[in-house]
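Each remark here refers to the structure printed beneath this line.
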Amino acid sequence: METHVIPGFTAVNGTGAVIAALLYIILSSLLKEPVRQKLSAIIVAGAGAAYLNGGFGGLEFAFCTLMTFIAFKGLTQYYFIGIGWLLHTCWDIMHHLYGNPIVPFAPSSSAGCAVCDTVLALWFFMKAPSVTDWFRKTQKTFKLQ
């Protein structure tokens, strides 16, 4: 019977994953709508193909097909982009437990991707608000007080 080693995952790995998600959010915030939403849908579609040779055979193609459909729906509704990132989170966890990481030379990369994807999903469920708009609103609130 073939055994798989489940890579370790540390707080440093998790912190790096959260920072990666925040960088993505900040950079995406620089894009105006509807470009931000359209590009985000394309990126989540690409994430669906990230594991095509990940060890689950035909399931990899089925997952890619599902993610393509979800991304298509995401072209008009941020909710679906959030769903896509949560689905990818589940796929990341499965690959982490299977021992076949998304980045071959980084054993815990699938677990890190799961953390990053979860943060992104939350942002998309909030309809991907611009960080720059949030800072402007915060500054106005402080000036009024």
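Give me the net charge for the shell around Ala111: Cβ to Cβ below 14 angstrom, other residues only, Lys and Arg +1, Asp and Glu -1.
Numbers: positive: none; negative: Asp92, Asp117.
Here the count lands on -2.
In deg cm²/dmol, rounded to 500, what helix-only [θ] at 222 nm does the chain give when every DSSP H run of at least 4 residues adds -39500 (n - 2.57) and the total is split over its residues?
Values: 6 runs with 102 residues, N = 145.
Rounded to the nearest 500, the figure is -23500 deg cm²/dmol.
Carbon and sulfur: what percent of the chain's accessible surface (1.4 Å probe)? Mind showing how you got there, number by number?
Numbers: 6360 of 8690 Å².
That share works out to 73 percent.
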| segment 1-69: trypsin sites (Lys or Arg not before Pro) in DSSP loop, at most 12 other beta carbons within 10 Å | Lys32
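Rounded to a whole number, what is D in µm²/s for segment 1-68 from Stokes-Einstein with the Kirkwood radius over alpha-carbon pairs (4 °C, 1.567 mPa s)? Please list the in-between numbers first.
Numbers: Rh = 14.7 Å.
Translational diffusion coefficient: 88 µm²/s.
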| said: Give me the 1.4 Å probe accessible area per residue for the chain, excluding ligands and nucleic acids, in Å². | reply: 60 Å²
| task | Specify which residue in the list Met94, Leu27, Phe63 is farthest towards the positive end of the charge dipole of the chain, using unit charges on the beta carbon of Lys, Arg (+1) and Asp, Glu (-1), about the Cα centre. | result | Leu27
| said: With only alpha-carbon atoms in the gyration tensor, what are the semi-axes of the equivalent ellipsoid for segment 68-137, in Å, largest first? | reply: 26, 16, 8
| request: May I ask you to list the aspartates and glutamates whose Cα is less than 14 Å away from that of Lys73, ignoring any residue fewer than eight positions away on the same chain? | output: none
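On alpha carbon coordinates alone, what is the Rg over Rh value for the chain, Rh being the Kirkwood radius? All intermediate terms of the calculation are to be shown ahead of the outcome.
On the way: Rg = 16.9 Å, Rh = 16.1 Å.
Rg divided by Rh gives 1.05.
The values are calculated or read from the model by the stated rules, or taken from the named source; none is laboratory data. Please read all numbers here as calculations on a predicted model, not as lab measurements. Here the Cβ is made from the backbone with ideal geometry for all residues, glycine too, and neighbour counts use every protein chain on show. Note: areas computed on protein heavy atoms with side chains; ligands, DNA, RNA excluded. Shrake-Rupley method; radii C 1.70, N 1.55, O 1.52, S 1.80 Å.
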